[in-house]
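For reference, the structure is listed below as structure tokens.
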Amino acid sequence: MAKLEAFERPELGEKSYRHRLESGLDVVVIPRPGFKKTFATFATRYGSIDNHFRVPGSDLEMKVPDGIAHFLEHKMFEKQDGGDVFDDFARLGASSNAYTDYTSTTFLFSTTSEVSANLEVLLDFVQRPYFTEDNVEKEKGIIEQEIRMYLDMPGDRLHSNLMRALYHYHPARIDIAGTVESIRAITPDDLYRCHNTFYHPGNMLVLVIGDVDPQAVADQVVHNQQNKQFLRQGDIVRIYPPEPEVVKERRVEQPMPVAAPLFMMGYKDHAAGMTGPAWLRHEIVLGLMWSMLLGRSSALFTDLYQAGLINDRFSARYSGTDTFGFSNLGGETPDPKRLEAVLTERLAQEPLTEEALERLKKREMGDFLGLFQNPEDLAYAFNHFYFRGIDLYSYVDVVASVRLRDIEEARARHLVEDSRALSLIVPAQSAPGA
Amino acid sequence: MTSGGYTEDGFVGEFQNGIGWYCYPTPRFKTITLHAFWINELTPQDAAKGALLPHVLRRGTRRWPSLVAIERELEELYGASFRAEVGKVADKQLLSMHLEVINGRFLPGHPDTLRQALDFLSEVSSDPHLGPDGFDPGIVQQEKILLKRQIQALINDKGQYAMSRLVEILADGRRFGLRKLGTIADVENITGSELLDYYQSVKTTLPSLLFVVGDVDPSRIEDYVHKQWQGFRQPLTPIIPFVPRHDGQEVIERQAVRQGKVNMGFGTGISAADPQYPALMMYAGVLGGFPHSKLFVNVREKHSLAYYAFARLDAPLALMVIGAGIEFDDYSAVRRIIDQQLEAMQAGAISAEEMAFTLKAFCNDILSEEDSPSQIVGRQLEHVLVGNGMTGRRLMQALERVTISDIQAVAEKIRLDTVHFLTADGEGQGEAQDG
């Protein structure tokens, strides 16, 4: 029997279990008593920014085409017998999917029956690549349509353009799916090389959330892996170019058929590069800072809203990984110039109070608890933290420990003019109704 | 691998004299979800007012007279999430308030968050911040501007825009084609006193419903509704299903887009309350509900012509829509492949595997709904609005009994009404600085 480590937070009504295999693969189970659905993910710490790396055990440096992590995610669903993994899950009554972001790729299924058979399918297909010239070529047409769909989404362009303005060299500036041109260069060899490197069990996590027996899940994963051969692999060395503190461009603008301008301002984070508890604290402090400055209960949000400069979908947040981080704030506005002027003037000066901090900590706490009844969100958060060496439950303790001084310091460090850029989508002349 | 059995959960409650409450008690969730609805006919006269009212009510109450005061109250309630908004089901406009709070059991000091949530709902729905002239004219003006911008912004989301254009064209003036937000001109014309009159009539005459999901005692919800909503409201009127008026007309619309969107609207003649409805579900599922379905397999997997291709039902309206995002030049090829799949459905060219996968996929969806408070509410609301129809285990059993000839019988009723194609406007296809 696989030996389980238990993690418990009785006051939250939460308990989870972990087993680490010899290969380095971790299995985590978060029981959800009474839930009808079981949600499982098999995730690798490999995303769109991992496009330059040293192959473990050799001196060979690889540079791979933009968008390859996402392309690889698509291609994993194809089987050697010509069949399709979606069908294997459909046969077992499950729905399956996958997604790729900057730093990870996640394969998942959701089922109300035959959990162990579905888990077997998940473990097998993610570890059994099959790429040919033909099947790689065929996928290019599908992904090209996916990319074109994003090109028509103003919110997506707004974000993508901001990333290219913030970063000179860091691959966060590249769209996760790559471009229509970059994906054309992808070959079966590239895909195999990336799979061998990044889909090694030591770089991966199996997570199961549902009304399941943790011991049975762990035992099944151990048994499944016994039948597979994995070469011992050294550490993966990911190579990122040095990134200057100043932004690449202060302002980028793109016309699209939209009704009113879309506005997104970003701050590049100089403090990025942390892992573990220090990084968690950094992320929570900046999150609370934005809630205090521009949350819906803030004076600044209210003033902007009442002046008609923003609507209720305006938001501000920080996102970070261990190699890059940024804040972005934005929404629709009739007057980007004035909005930018008010924001840059007031963000540095808004009073930060103890009263607001304590109130917003309560909200943080409620949001965190709410996660546990949504398996999809819980899995996303768990994987996100796990790959950065963070214990999810420590979140509540870190929130409780944040002091007003931390927020003041974070503001002084983070809101720096040289690291600020603005992305705008403006109504194209041909837009109807504009 | 399920540990221990579960009891079948369900709603308790009633709908009488135009007033309804439904409570779904379950220990599964860490939150308590409350969703209150006022249900109106979607009409040109009232649509804009119905869209504006929730935004104005949300701006202040007697006790919390400003947006900031309301937001602070919600933050004190451990980040309760609150939305006041407008929705649409067929020819009905739904004014709603949605509140989700953490169950006090998991919070320090174990506060009674259900009581706080019910008080909050009462306050925002029945005790708005009013001045000598009714609603604050400044607030009404601000919210009118924001609503007009929201109406204009519909063109930003091409998928949603193309779909709403299709529905408008299908409706051909019938009420289900009206937009839930109303029109810019109608918003413009609303005066503060009209809005106040409208609010009074909403509060006292429209059918009112409250749904609650979580670890709560249903009698508390029953008591609350009896106290809060006294008297009578209008009864719910039946939804008028969609009957096609066009014979496969093609409408082509041009914009600066990078991908074409083809959307096709079909009359099914079968609404959710119809005994043939389970067969219609199987029809739409086999055709385009899932990754194993004919449209996905043929349009995407075999011919690489699209990233997405689906068929989906608007059950209350007896409408089916097929949609795909495609290359502009592939329009004819995609239409041909879609037509072939429709013919295959009619001919009963459906494998045992397609039937089995589709049945299992629906069962998975139906059971999974039980784990999501918002889906639980959505399903029950639709059930109440349609006035009948199967849900849960009964629906699963009915789906299991559907045969290929039942599906063919459905196929005979499916009528193409309109094809809408959103395509590039010839000049540069919106080519911009991206690269």
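The values are calculated or read from the model by the stated rules, or taken from the named source; none is laboratory data. If you're wondering where the values come from, they're calculated on a predicted model, not measured in any experiment. Here the Cβ positions follow ideal geometry from the backbone for every residue, glycine too, while neighbour counts run over all protein chains shown. These accessible areas exclude ligands, DNA and RNA; they are computed on the full protein's heavy atoms, side chains included. Shrake-Rupley method; radii C 1.70, N 1.55, O 1.52, S 1.80 Å.
Data for the structure
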| read-out | value |
| --- | --- |
| Label-point gap, in nm, between A:ALA412 and B:GLN141 - each point 7 angstrom along Cα→Cβ | 4.2 |
| Radius, Kirkwood style, for segment A:5-238 when every pair of distinct Cα atoms is counted (Å) | 19.0 |
| Per residue Cα convex hull volume in Å³ - calculated over segment A:1-73 | 166 |
| Volume per residue of the C-alpha convex hull in chain B, rounded to whole Å³ | 184 |
| Where segment B:281-331 is the region considered: accessible area per residue in Å², 1.4 Å probe | 27 |
| Alpha-carbon gyration tensor eigenvalues x 5, square-rooted, for chain A, Å | 37, 28, 21 |
| Distance violations [Cα-Cα > 21 Å] among A:LYS362/B:LYS30; B:LYS49/B:LYS180; A:LYS362/B:LYS227 | A:LYS362/B:LYS227 |
| Portion, in percent, of the accessible area of segment A:62-189 that falls on carbon or sulfur, probe 1.4 Å | 49 |
| Positive-pole candidate from B:ALA48, B:TRP229, B:TYR198, dipole of chain B, charges at beta carbon | B:TRP229 |
| Accessible surface, segment B:12-228, averaged per residue in Å² (probe 1.4 Å) | 36 |
| Among B:ALA48, B:ALA356, B:ALA411, residue whose mean-square fluctuation peaks in a GNM of chain B (springs only between Cα atoms under 10 Å) | B:ALA356 |
| Inter-chain Cβ neighbour average for residues B:250-262, partner chain, 10 Å | 4 |
| DSSP bridge pairs, the protein assembly as shown: antiparallel proportion in percent, nearest 5 | 80 |
| If the convex hull is drawn through the Cα atoms of segment A:200-295, its volume per residue in Å³ | 288 |
| Lysines with Cα under 27 Å of A:LYS75, excluding same-chain neighbours fewer than 8 positions away | A:LYS37, A:LYS63, A:LYS138, A:LYS140, A:LYS228, B:LYS261, B:LYS294, B:LYS302, B:LYS360 |
| On Cα atoms only, tilt of B:192-205 relative to the major axis of chain B in degrees | 80 |
| Rough spin-label spacing in nm, given labels placed 7 Å along Cα→Cβ, for A:LYS228 and B:GLU168 | 5.1 |
| Cα gyration tensor, segment B:12-228 - rounded (a/c under 1.5), prolate or oblate | prolate |
| Three-way shape call for the protein assembly as shown based on the alpha-carbon gyration tensor, with the a/c threshold at 1.5 | rounded |
| Packing-based order for A:166-177, A:257-268, using average beta carbon neighbours within 10 Å, highest first | A:257-268, A:166-177 |
| Within 10 Å of each Cβ in B:297-308, the average number of Cβ atoms from other chains | 4 |
| Fluctuation leader among A:GLN233, A:GLN373, A:GLN215 - chain A, Gaussian network, Cα springs under 10 angstrom | A:GLN373 |
| Rounded to 5, the percent of DSSP beta bridges in chain B classed as antiparallel | 80 |
| Kirkwood-based shape ratio for segment A:190-249, expressed as Rg/Rh from alpha carbons | 1.18 |
| Simple Cβ-charge dipole of segment A:200-268, Lys/Arg +1 and Asp/Glu -1, about Cα centre, in debye nearest 20 | 340 |
| Solvent-free Debye scattering, log10 I(q)/I(0), computed from the Cα coordinates of segment B:188-266 at q = 0.11, 0.18, 0.25 Å⁻¹ | -0.72, -0.91, -1.24 |
| Helical mean residue ellipticity (222 nm; -39500 (n - 2.57) per DSSP H run of 4+; nearest 500) of the protein assembly as shown | -12500 deg cm²/dmol |
| A:HIS270/B:ASP217 FRET efficiency (R0 56 Å; Cβ-Cβ; nearest 0.05) | 0.60 |
| Model label zone, B:SER126; criterion: amide N under 16 Å from point 7 Å along Cα-to-beta-carbon; scope segment B:215-242 | B:220-233 |
| Kirkwood Rh in Å, taken over segment B:161-231 so that all alpha-carbon pairs contribute | 16.0 |
| Helix A:276-294 axis, angle to chain A major axis (alpha carbon atoms, nearest 10°) | 40 |
| Cβ-placed point charges (K, R +1; D, E -1), dipole of segment B:12-228 about Cα centre in debye, nearest 20 | 520 |
| Total accessible area lost when A and B pair, probe 1.4 Å, Å² to nearest 100 | 6600 |
| Accessible surface of segment B:249-430, 1.4 Å probe, proportion on carbon and sulfur as whole % | 48 |
| Helix B:373-386 vs. chain B, principal-axis angle (Cα, 0 to 90°, nearest 10) | 80 |
| Area accessible to solvent at B:LYS261, 1.4 Å probe radius, in Å² | 10 |
| FRET efficiency estimate (nearest 0.05) - Cβ-Cβ, A:GLU133 to B:GLN16, R0 56 angstrom | 0.25 |
| Debye, to nearest 20: dipole size of chain B, +1 on Lys, Arg Cβ, -1 on Asp, Glu Cβ | 220 |
